[in-house]
Amino acid sequence: MITKVTNHDRAMWAMNAVAAYTTVTRSRDDAEKVARYLDAAELDALGADWGIELIGDLVCDLLHLAEANGITADEVIRHGRMHYETERNGEDE
């Protein structure tokens, strides 16, 4: 049996990435705070300012990784945006 993946599931996967990234790039207090949000499945707990900072920093470093592999930032962003729009529009069909 295949379980339908929701955008909430996808957001939780992303929160896992943010939590792992925060562990190696931020203070212990910040990492523990994000881990608590993850454990409680509080996706909106980061808030706009901190969320933009943490998620933006992770995206920035992912773009560095892409560049190191010969992939342009525009390609990654275009491809990611395409997936995002498809998944967002396909939710609860």
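Values computed for the structure shown
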item: Residues in the range 55-93 that a label on R26 would reach, taking backbone N under 17 Å of a point 7 Å out along Cα→Cβ; result: 55-62
item: Estimated inter-spin distance, R36 and N16, nm [label 7 Å along Cα→Cβ]; result: 2.3 nm
item: Estimated 222 nm signal from helices in the chain, with DSSP H stretches of n ≥ 4 weighted -39500 (n - 2.57), rounded to 500; result: -25500 deg cm²/dmol
item: Space enclosed by the convex hull of the alpha-carbon atoms of the chain, per residue, Å³; result: 132 Å³
item: Residue-span extension gain [V5 to I77] - 0.36 nm each, minus C-alpha spacing; result: 23.7 nm
item: Length added when fully stretched, I55-E85, from 0.36 nm per residue minus Cα-Cα; result: 9.0 nm
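Throughout, read-outs are computed from the coordinates displayed, never taken from laboratory work. This structure is a prediction, so every number in the text was calculated from the model and none was measured. Using ideal geometry, Cβ is built from the backbone for each residue, glycine included, and neighbour counts are taken over all protein chains shown.
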